[in-house]
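The values are calculated or read from the model by the stated rules, or taken from the named source; none is laboratory data. All of these numbers come straight from a predicted model, not from anything done at the bench. Backbone-built Cβ (ideal geometry, glycine too); neighbour counts: all protein chains shown. Heads up: the accessible areas ignore ligands, DNA and RNA and are worked out on the full protein's heavy atoms, side chains in. Shrake-Rupley method; radii C 1.70, N 1.55, O 1.52, S 1.80 Å.
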Amino acid sequence: MWTQGWRDRIWSEIDDKPWDIIIIGGGITGAGVLREAVDAGLRVLLLEAKDFSFGTSSRSSKLVHGGFRYLRNRQYDLTRESVREREWMLRAAKHLVTPLGFCMPSYKHSKTPAWQMDVGVILYDLMASKWAHRNFSRAKLLKECPALNPEGLKGGHLYFDAQMDDSRLVLRILQEAVAAGGTAINYARVTGLLRTTEGQACGVIVQDQGSSEMREKAVEARV
């Protein structure tokens, strides 16, 4: 996909004609927008100043749509959407997204009583159309997690979310978008915007920081 000479090829064609969309930023948001826009039949260019997934997308919690905390706020629709997206990703990207268990201990003076945790883990699984949670007795929990403070410990609950390799996920989406006809280039810093006489943004000034030539071009786009 990104074969030898790909950067020179993109730079030779980057300003040939206006793009439909220029996306600034090659994290998960930019990659997702590129993928969707290409699927819509648009001519799209993504520019990233550093490497793909350099910023926020490489510094995430590594969790995929964890929504258990939403139940406490009674955000049931958001919880349902989160867990169903998580289950879809577990099926569609097994090499990038894997199950991750969380053990929640319950103490005598816990703010959340054990019965609420019982209801919570059941609801959480039902929304995902699965049954993976477990209840632990005090003895079983101490055996599984011996570092826990035993004083006042009553038991606990195990529930599952998922974890991901976030940077590889970004690259996977970018690769799919490029294979479908999109264009993405890293180490291409946007240094300014082009504007019409009315002040409307109509393109970018982009500088190539991935070569010794330090090339710079004005690239037009509708969006």
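Structure data summary
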{"quantity": "Unique residue being aromatic (Phe, Trp, Tyr), at pLDDT below 95 and part of a helix (DSSP H, G or I) when the list is 124, 159", "calculated": "124"}
{"quantity": "Count - residues of the range 172-223 that are at positive phi and either in contact (Cβ under 8 Å) with a residue 60 or more places away in the chain or open to solvent by 70 Å² or more (accessible area, probe 1.4 Å) (or both)", "calculated": "4"}
{"quantity": "Those residues of the range 43-70 which are touching a Phe, Trp or Tyr at 6+ places or on another chain (Cβ under 8 Å), buried (at least 19 other Cβ atoms within 10 Å of the Cβ) and part of a loop (DSSP other than H, G, I, E, B), in sequence order", "calculated": "48, 67"}
{"quantity": "Matching residues, the range 186-219, being part of a loop (DSSP other than H, G, I, E, B) and among the small types (Gly, Ala, Ser)", "calculated": "199, 210, 211, 212"}
{"quantity": "Qualifying residues in the range 113-138 (those that are free of Cβ contacts under 8 Å to residues at least 24 places away in the same chain and more than 17 Å from residue 84 (Cβ to Cβ)) - the one least open to solvent (accessible area, probe 1.4 Å)", "calculated": "113"}
{"quantity": "Test: residue in the range 19-42 that is open to solvent by 70 Å² or more (accessible area, probe 1.4 Å) and modelled with pLDDT under 90", "calculated": "no"}
{"quantity": "Qualifying residue in the range 87-95 (condition: free of Cβ contacts under 8 Å to residues at least 12 places away in the same chain, of a type in the set (A, V, I, L, M), part of a helix (DSSP H, G or I) and within 30 Å of residue 171 (Cα to Cα))", "calculated": "yes"}
